[in-house]
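Chemist: The structure's right below; bear with me while I get my questions together.
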Amino acid sequence: MQGVYSVLLLIVSNIFMTIAWYGHLKLQETKVITHWPLMGVIVFSWAIAFLEYCAQVPANRIGYVGNGGPFTLMQLKVIQEVITLTVFTIFSTLLFKGEVLHWNHVAAFICLILAVYFVFME
């Protein structure tokens, strides 16, 4: 179950991370924070990123083999990267109407799936 908890926490973490990194662009596009100074946007994003860390750190601690979890450090990182790009793709295609998924994006995802396969090989 530690692997499942770790992956679920990584998903939550990456949702917050994507919002922290790119959500301000959507807020600016919808004129919610059009006149905010850059420092205000940075502080706003860091507040959201704090929530990301509240899920990311436990995900790595629970999932890491050195703490009794099922994943090596490399496996955790590759899993996290795949989750990050999956969450980002969903976020960008749903919230930013100009972003479209192209064949090369699909090819990149296939490469990432292969990366997961290779990182779990003995």
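Chemist: Can you work out which of the residues in the range 70-114 that are small (Gly, Ala, Ser) and loosely packed, with under 15 Cβ neighbours inside 10 Å is nearest to GLN56 (Cα to Cα)?
Modeler: Only one residue tops the list, namely ALA108.
Chemist: Separate question: Return the only residue of LEU51, LEU10 being more than 15 Å from SER92 (Cα to Cα), touching a residue at least 60 places away in the same chain (Cβ under 8 Å) and surrounded by 13 or more Cβ atoms within 10 Å (Cβ to Cβ).
Modeler: Result of the check over LEU51, LEU10: LEU10.
Chemist: Sticking with this one: Would you say VAL41 is touching a His at 6+ places or on another chain (Cβ under 8 Å) and either farther than 20 Å from PHE88 by Cβ or at pLDDT below 95 (or both)?
Modeler: So VAL41 fits the description; yes.
Chemist: Still on this structure: If I filter the range 16-37 down to residues being more than 22 Å from GLY98 (Cα to Cα) and either at pLDDT below 90 or among the hydroxyl-bearing types (Ser, Thr, Tyr) (or both), which single residue comes out as surrounded by the most Cβ atoms within 10 Å (Cβ to Cβ)?
Modeler: So, considering only residues that are more than 22 Å from GLY98 (Cα to Cα) and either at pLDDT below 90 or among the hydroxyl-bearing types (Ser, Thr, Tyr) (or both), the one surrounded by the most Cβ atoms within 10 Å (Cβ to Cβ) is TRP36.
Chemist: Suppose we filter LYS31, LYS77 for residues that are within 17 Å of the chain's Cα centre (by Cα) and free of Cβ contacts under 8 Å to residues at least 12 places away in the same chain; which single one remains?
Modeler: When all the criteria are applied, what remains is LYS77.
Chemist: Residue pairs, Cβ under 6 Å, 6 or more apart or interchain, first in the range 89-117 and among the small types (Gly, Ala, Ser), second in a helix (DSSP H, G or I). List them.
Modeler: So the pair list comes out as ALA115/VAL78.
The values are calculated or read from the model by the stated rules, or taken from the named source; none is laboratory data. Since this is a predicted model, take the numbers as computed values, not measurements. We place every Cβ from the backbone using ideal geometry, glycine too, and count neighbours over all the protein chains shown.
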